[in-house]
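To keep things clear, I will list the structure first and then write my remarks on it.
The values are calculated or read from the model by the stated rules, or taken from the named source; none is laboratory data. Just so it is clear, the model here is predicted, and its values are computed rather than measured. Positions of Cβ are generated from backbone atoms using ideal geometry, with glycine treated the same way; all protein chains shown enter the neighbour counts.
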Amino acid sequence: MTPLAIVFLVISIVVIWGGFALSTIALARRPERTDYPAGGEGEAEGL
Amino acid sequence: MAAGKARAAGAPREQWTGQVGFILSAIGSAVGLGNIWRFPGVAYENGGGAFLIPYLVALLTAGIPILFLDYAIGHRFRGSAPLSLRRLGGRTLEGLGWFQVAIAFVISLYYTAVIAWALSYFVFSFDLRWGADPAAFFQGDYLNVGEPGFSLEFVPGVLIPLVLVWIVTLFVLGSGVAKGLQRANVIFLPLLLVAFLVLVLRALFLPGAELGLNALFTPNWAALADPNVWIAAYSQIFFSLSIAFGIMITYASYRARRANLTGPGLVVAFANSSFEILAGIGVFATLGFFAAQQGILVDDLEGLTGVGLSFITFPAIVSEMPGGPFFGILFFGSLTLAGFTSLLSVLQVVSAGVQEKFGLTRLQATIGMGGTAAVLSVLLFSTTTGLLALDVVDNWANNIGVVGSAVLTSILVIWVLRKGPELQAHLNAVSTFQVGKVWIALVGVVAPIVLGYMLISRIVSLVLEGYGGLPGGYLGVFGWGTIALIVIAAVVLTLVPWRRSDLDRFDTWPPLASDSQRKEAGR
């Protein structure tokens, strides 16, 4: 491969797969809020 | 069945079992045929490495914001597209919901056919049945393509896998959200990833692979000055993410009320794009090998996207490759899996819509809606005229139907009903990743401008230039006729009365500051 193509292959991977990795890590660290507003626990009202 | 009856009587809404199940199912929906057969060719033709810039801009300014909009609507108003939109904005919006359901219904009819082809080719891979001339095999021996029109001359080679795909699909839908959709995605999505990773690794070690990667990743900066390249990027992101025709509204409505929306949304959006990059590497490494074998440049290859890439170019490559059958099995197996998990989400839009409107159980909806769709799909797409009809219906349903739906949603929800702040507050109240006012601006301004331009320019070009050199009458029936049918279906289904008494007894959660202020003022 040419150096230019390699650079853009690497940038694409870092940016897009990096975005995936970062968003996944962020979600794993804080999967849910701990301070939901009151209510919303029963589902019956939300048919 | 029991769950269906209970729901009609007022028990809780079906749910994913948790966040991971939802994320896998949403990724399964987003990652479809377009990731594998559309993205690589589009990126190559629109600037190569430089395409990354408009692609990222489109992802951040339209793809993710519209994804969040769908999530917010489905999650706050907890219903299928028609029910959620009705609760959000009354009957007019319900009509938009049915417009989305009708689009999903139409797309499911031919999407199944393509999955059936992929399934056939998965089997053909074992003995390279397409022989020396894959183009002639595909159109002649396999599809028996005839003149444009409508024939009832069935092609058994398509009919049998098509019926099989419908049976499996309806079985999964009938099994429900957690035991059907989620379970299928939890099994098939990892399987797809493994199969595709093996394929990409194999492709990277083919002689000539580097020629393909050079062609795909070398940037052409001049392309960035071409508005069509930017439109191509927005269009790729838009069609790839399964947004604006009810899927993500429906999927988000099956999350618990206390559930994170934007955090998982980012994971889904980046996972979808990550798979596209992976597909770009795999497909172009393979194309590089093919060009090297023929002693030509990658630039001189034809059939780099869509049906041509998958069912003509790839079979030709597989025939030339050492260990070709294994490669073919991986490629067509991946195509089948990617398409299947997306198809499930498309049909769930329709199933959820009719279940809620007509008070049907899940099984009744699956058999009624699915059975009708299966019969229409077989009649239209397993005959000698199937390929042409598919191409035309696909072009209109997506470029006019889905894009039109997105523009209408944005204008009606953000501008006419001014629901932007409520939906923003909803996202922020339940999510870990907060969105600011800029989200409303992106959904309300950028999206309708870019997508509106795409819609109008496409309508003008279809009216003035036609499509694929096909007769105007044919395009009138299968192209514009499809849109007319979708609109008629939307109007009729909106006018039919709801078979439930609790339609307007619905409390949104969480309550917003403005709600409590209104209640205070009313005291």
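Note on the stretch B:111-160: residues that are among the polar types (S, T, N, Q) and not in a loop (DSSP other than H, G, I, E, B) total 4. Taking the stated definitions as given, is B:Val186 closer than 30 Å to B:Asn399 by Cβ, touching a helix residue (DSSP H, G or I) at 6+ places or on another chain (Cβ under 8 Å) and hydrophobic (A, V, I, L, M, F, W, C)? The answer is no for B:Val186.
Could you tell me whether the stretch B:345-360 includes any residue that is out of contact with any helix residue (DSSP H, G or I) (no Cβ under 7 Å at 6 or more places or on another chain), touching a residue at least 24 places away in the same chain (Cβ under 8 Å) and hydrophobic (A, V, I, L, M, F, W, C)? Among the residues of the stretch B:345-360, at least one is out of contact with any helix residue (DSSP H, G or I) (no Cβ under 7 Å at 6 or more places or on another chain), touching a residue at least 24 places away in the same chain (Cβ under 8 Å) and hydrophobic (A, V, I, L, M, F, W, C), which makes the answer yes. Is it the case that some residue within the stretch B:232-253 is among the polar types (S, T, N, Q) and either surrounded by fewer than 17 Cβ atoms within 10 Å (Cβ to Cβ) or over 30 Å from B:Trp396 (Cα atoms) (or both)? Checked the stretch B:232-253: no residue is among the polar types (S, T, N, Q) and either surrounded by fewer than 17 Cβ atoms within 10 Å (Cβ to Cβ) or over 30 Å from B:Trp396 (Cα atoms) (or both).
At least 2 residues being under 21 Å from the mean Cα position of the chain (by Cα) and not hydroxyl-bearing (Ser, Thr, Tyr) is the threshold, and among the helices (runs of 4 or more DSSP H) wholly inside the stretch B:359-463 those reaching it are B:371-381, B:386-396, B:403-410.
Helices (runs of 4 or more DSSP H) fully within the stretch B:229-342 that include at least 1 residues being within 14 Å of another protein chain (Cβ to nearest Cβ) and in contact with a Ser or Thr (Cβ under 9 Å, 6 or more places away or on another chain): B:247-253, B:262-294.
The residues listed here are B:Gly89, B:Gly131, B:Gly97; of these, the one that is touching a helix residue (DSSP H, G or I) at 6+ places or on another chain (Cβ under 9 Å), of a type outside the set (A, V, I, L, M, F, W, C), modelled with pLDDT of 95 or more and surrounded by fewer than 16 Cβ atoms within 10 Å (Cβ to Cβ) is B:Gly131.
If you go through the stretch B:176-188 and keep only what is within 14 Å of chain A (Cβ to nearest Cβ) and buried (at least 19 other Cβ atoms within 10 Å of the Cβ), you end up with just B:Val177.
I'd like to verify a number: residues in the stretch B:444-453 that are of a type outside the set (A, V, I, L, M) and buried (at least 19 other Cβ atoms within 10 Å of the Cβ), how many?
Adding up the residues that qualify gives 2.
The rows are residues; the columns are (1) assigned to a helix (DSSP H, G or I); (2) crowded, with 24+ Cβ neighbours inside 10 Å.
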site: B:Gln15; (1), (2): no, no
site: B:Val20; (1), (2): yes, no
site: B:Ser29; (1), (2): yes, yes
site: B:Phe51; (1), (2): yes, yes
site: B:Leu56; (1), (2): yes, no
site: B:Ala72; (1), (2): yes, yes
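I need the full set of residues from the stretch B:387-443 which are aromatic (Phe, Trp, Tyr), farther than 20 Å from B:Leu462 by Cα and surrounded by 18 or more Cβ atoms within 10 Å (Cβ to Cβ), in order please. Don't jump to the end; show me each part of the working.
Step one: list which residues in the stretch B:387-443 are aromatic (Phe, Trp, Tyr), which gives B:396, B:415, B:433, B:439.
When the remaining residues are screened for being farther than 20 Å from B:Leu462 by Cα, the result is B:415, B:433, B:439.
Within the stretch B:387-443, B:Phe433, B:Trp439 meet the criteria.
Looking at the stretch B:29-68 only, could you name the residues that are among the small types (Gly, Ala, Ser) and over 15 Å from B:Ala252 (Cβ atoms)? Scanning the stretch B:29-68 gives B:Gly32, B:Gly34, B:Gly41, B:Ala43, B:Gly47, B:Gly48, B:Gly49, B:Ala50, B:Ala58, B:Ala62, B:Gly63.
Looking for something under 17 Å from B:Ser240 (Cβ atoms), in a helix (DSSP H, G or I) and of a type in the set (Ser, Thr, Tyr) - is there at least one such residue anywhere in the stretch B:77-96?
Just the residues of the stretch B:77-96 that are under 17 Å from B:Ser240 (Cβ atoms), to begin with: none.
Scanning the stretch B:77-96 turns up no residue that is under 17 Å from B:Ser240 (Cβ atoms), in a helix (DSSP H, G or I) and of a type in the set (Ser, Thr, Tyr).
Of the residues that make up the stretch A:36-44, is at least one at pLDDT below 95, in a helix (DSSP H, G or I) and either of a type in the set (A, V, I, L, M) or closer than 30 Å to B:Ile281 by Cα (or both)? Among the residues of the stretch A:36-44, at least one is at pLDDT below 95, in a helix (DSSP H, G or I) and either of a type in the set (A, V, I, L, M) or closer than 30 Å to B:Ile281 by Cα (or both), which makes the answer yes. Against the test of being facing another protein chain (nearest Cβ under 10 Å) and among the hydrophobic types (A, V, I, L, M, F, W, C), the options B:Ile23, B:Ile73, B:Ile36 yield a single qualifying residue, B:Ile23. Checking each residue in the stretch B:464-486 for being free of Cβ contacts under 8 Å to residues at least 60 places away in the same chain and either touching a helix residue (DSSP H, G or I) at 6+ places or on another chain (Cβ under 7 Å) or over 21 Å from B:Gly95 (Cα atoms) (or both) picks out B:Leu464, B:Glu465, B:Gly466, B:Gly469, B:Gly472, B:Gly473, B:Gly476, B:Val477.
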